[in-house]
Amino acid sequence: MKLLAGNSNRTLAQAIANHLDAPLTKAQVKRFADNEVFAVIEENVRGEDVFLIQSTSYPANDNLMEMLIMVDALRRASARRVTCVMPYFGYARQDRKTGGRTPISAKLVANIIERSGADRVLTMDLHAGQIQGFFDIPTDNLVAMPVLAQDIKETKPRDSVMIVSPDVGGVVRARSLAKRLDCDLAIVDKRRPEPGKSEVMNIIGDVEGRSCILFDDIVDSGGTLVNAAEALMAQGATEVSAYISHGVLSGPAVERVTNGPLKELVITDSIEQPQAVLECNKIRRVSVAPLIGEAIRRIANEESVSKLFD
């Protein structure tokens, strides 16, 4: 087994390597003067089972292209099997046609990854489960819920906790966490007047006197979370925290979290964060390196991945 890392999240890749007690394979990924990507694998990978770790987060196109070129380099170096380990799968929110003459970009990206020569994909908390079906190669979709649930158990008061889905689409995800923690569930009923903006209409459930935890897969600009937190506080919640798998945190997100009613935002390290996020005292990260590392070990040993979540 060989572990290889692109430039998108070197910190997580090193943490995964440490968990597996396996060094990262030496490689270089550089840019030519015109910003074209150049990659070279500096160790022999002939006949090896290679796991390429690369989140396709911002800049999504650059990181995606890096991954594709590295897959091609591995195929031409005669690697036996190449698994793309994508802790965060970019373009996942474009998983269906939302109107006339619009793309299904998640399907396009799946096609490109397959055509580049990847044999398998390992990702985490896809925005929509059906994206697994966009691939014609084996695709494992891990869930960060056990990691986040354990953190909630260790840091939150169990008697007053209520899990809240920030929208109707995330109810199944939130209900699973509520069941795991044996606590109540509430739902925020919202609408989107336009992309990137949301308005809270109603809170379904009695949140008065409860410690509410918003649970979702992606936080981007932070507008939805802040609006939901304001609505929950207005309905009598004692405090509102948020647990999110992928901290995209673009634009004014950090400012909104800092100045908003959220007590705490907990994200995983699936995306490498800029200094502004690392310095924000309201944002905390938990690592999914042990989870991804164990999944890699099981795939390499031809063991069950689904038993990780039994």
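Here are a few things to note about the model shown:
- Selection within the range 26-47 - β-branched (Val, Ile, Thr) and under 13 Å from Arg10 (Cβ atoms): Val29
- Residues of the range 81-96 include at least one that is open to solvent by less than 60 Å² (accessible area, probe 1.4 Å), out of contact with any helix residue (DSSP H, G or I) (no Cβ under 9 Å at 6 or more places or on another chain), under 27 Å from Ala300 (Cβ atoms) and in contact (Cβ under 8 Å) with a residue 60 or more places away in the chain.
- Only one of Thr123, Thr139, Thr98 that is more than 21 Å from Lys307 (Cα to Cα) and either modelled with pLDDT under 95 or of a type in the set (Val, Ile, Thr) (or both): Thr98
- Asp34 out of contact with any His (no Cβ under 6 Å at 6 or more places or on another chain), closer than 20 Å to Ile292 by Cα and either open to solvent by 10 Å² or more (accessible area, probe 1.4 Å) or free of Cβ contacts under 8 Å to residues at least 24 places away in the same chain (or both): no
- Residue list for the range 41-80, restricted to those being acidic (Asp, Glu), open to solvent by 10 Å² or more (accessible area, probe 1.4 Å) and closer than 13 Å to Ile113 by Cβ: Asp72
- Residue within the range 172-185 that is in a strand (DSSP E or B) and in contact with an Asp or Glu (Cβ under 9 Å, 6 or more places away or on another chain) present: yes
- Selected residue (criterion: farthest from Ala27 (Cα to Cα)) from residues of the range 94-119 that are in contact with a strand residue (DSSP E or B) (Cβ under 7 Å, 6 or more places away or on another chain) and not hydrophobic (A, V, I, L, M, F, W, C): Asp119
- Residues in the range 4-24 that are more than 21 Å from Ile271 (Cα to Cα) and surrounded by 21 or more Cβ atoms within 10 Å (Cβ to Cβ): 0 in all.
- Pro103 at pLDDT 95 or above, of a type outside the set (Asp, Glu), surrounded by fewer than 22 Cβ atoms within 10 Å (Cβ to Cβ) and within 27 Å of Val172 (Cβ to Cβ): yes
Each row is one residue, and each column tells you yes or no for (1) among the aromatic types (Phe, Trp, Tyr); (2) surrounded by fewer than 19 Cβ atoms within 10 Å (Cβ to Cβ); (3) more than 21 Å from Val257 (Cα to Cα).
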{"site": "Gly117", "(1), (2), (3)": "no, yes, yes"}
{"site": "Ile137", "(1), (2), (3)": "no, yes, yes"}
{"site": "Asn141", "(1), (2), (3)": "no, yes, yes"}
{"site": "Val172", "(1), (2), (3)": "no, yes, yes"}
{"site": "Leu177", "(1), (2), (3)": "no, no, yes"}
{"site": "Val188", "(1), (2), (3)": "no, no, no"}
{"site": "Glu208", "(1), (2), (3)": "no, yes, yes"}
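The rows are residues; the columns are (1) under 25 Å from Pro87 (Cα atoms); (2) among the basic types (Lys, Arg); (3) modelled with pLDDT under 95.
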site	(1), (2), (3)
Cys212	no, no, no
Glu230	no, no, yes
Gly236	no, no, no
Tyr243	yes, no, no
Pro274	yes, no, no
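The values are calculated or read from the model by the stated rules, or taken from the named source; none is laboratory data. Every value quoted in this text rests on a predicted model; they were computed, and no experiment measured them. Glycine also receives a Cβ, built like all others from the backbone with ideal geometry; neighbour counts cover every protein chain displayed. All accessible areas refer to the heavy atoms of the entire protein, side chains included, with ligands and DNA or RNA removed. Shrake-Rupley method; radii C 1.70, N 1.55, O 1.52, S 1.80 Å.
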